[in-house]
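Report on one structure; see the data block that follows.
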Amino acid sequence: MSQDQTSLNTLIDQIASRLATEDQHLITALREALASQHAAHSETAKGPLTARLDTESGCYLFGDDPSYYCPHCFDQLQQKITTQRLNRKLRVCPQCRSSLRPL
Ligand SMILES: [Zn+2]
């Protein structure tokens, strides 16, 4: 749960405590609306997992993620393994020990 979501829930609790019993259903409706909106948002944020081959490193990149991932582990095991940089030209995967170099 994010910080925004937590403070939002606290705020709703405070409003709920000030409302009459017959108006509490409004709070319930609000909580439900927020919960479904939040669920829909995280669904979109996750998005489809599309790998992009970076020709300068020979690694896979995902969206805005700055990490370089091993293409062998992702293609064969569906695992996202962050590669380690050895030097300017070479990276290595700690999982399958593949050397990754520019294409
Ligand atoms: Zn690997």
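Taken together, the values in this text are just the output of simple stated rules run on the coordinates, not laboratory data. Everything numeric here is computed off the predicted structure, so don't read it as measured data. Because the Cβ atoms are built from the backbone with ideal geometry, glycine has one as well, and the counts that use them run over all protein chains shown.
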Subject >> Contact order relative to length of the range 51-100, as percent, for alpha carbon pairs under 8 angstrom and 6 or more apart >> reply: 26
Subject >> Selection from GLN79, ALA16, HIS38, by position along the positive dipole direction of the chain (Cβ) >> reply: GLN79
Subject >> Cβ-based net charge around LEU61, under 15 Å, with every Lys or Arg adding one and every Asp or Glu removing one >> reply: -1
Subject >> Per-pair calculated FRET efficiency, R0 = 25 Å: LEU61 and CYS96 via Cβ, rounded to 0.05 >> reply: 0.85
Original post:
Residues with beta-carbon under 12 Å from that of ILE27, excluding ILE27: net charge, scoring Lys, Arg +1 and Asp, Glu -1?
Top reply: -2
Original post:
Translational D (Stokes-Einstein, µm²/s) of the range 51-100 at 4 °C and 1.567 mPa s when Rh comes from the Kirkwood sum over C-alpha pairs?
Top reply: 123
Subject >> Built amide H within the under 5 Å cut-off of CYS59, gap 5+ >> reply: ASP54
**OP:** Convert each backbone phi in the range 69-74 into a coupling constant with the Karplus relation 6.51 cos²θ - 1.76 cosθ + 1.60 (shift: θ = phi - 60°), then list the ³J(HN,Hα) values in order as whole Hz, x for Gly and Pro.
**Re:** 10, 5, x, 5, 5, 6
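Using only alpha carbon pairs under 8 Å that are at least six residues apart, calculate the relative contact order of the chain and give it in whole percent.
Computed over the chain, the figure is 16 percent.
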**OP:** If a cysteine in the chain has no other Cys Cβ under 4.7 Å from its own Cβ, put it on the list, ordered by number.
**Re:** CYS59, CYS96
Original post:
For the Cα atoms of the chain, what angle does the longest principal axis make with the long axis of helix 24-46, in degrees from 0 to 90, nearest 10?
Top reply: 10
**OP:** Please list, in chain and number order, the residues 5+ apart from LEU100 or on another chain whose amide H is under 5 Å from its amide H, with Hs placed from the backbone.
**Re:** ARG91, VAL92, CYS93
Original post:
Once the chain is represented by equal point scatterers at the alpha-carbon sites, with solvent omitted, what log10 I(q)/I(0) does the Debye formula produce at q = 0.18 Å⁻¹?
Top reply: -0.84
Subject >> Cα-centred dipole magnitude for the range 51-100, charges only on beta-carbon of K, R (+1) and D, E (-1), debye, nearest 20 >> reply: 260
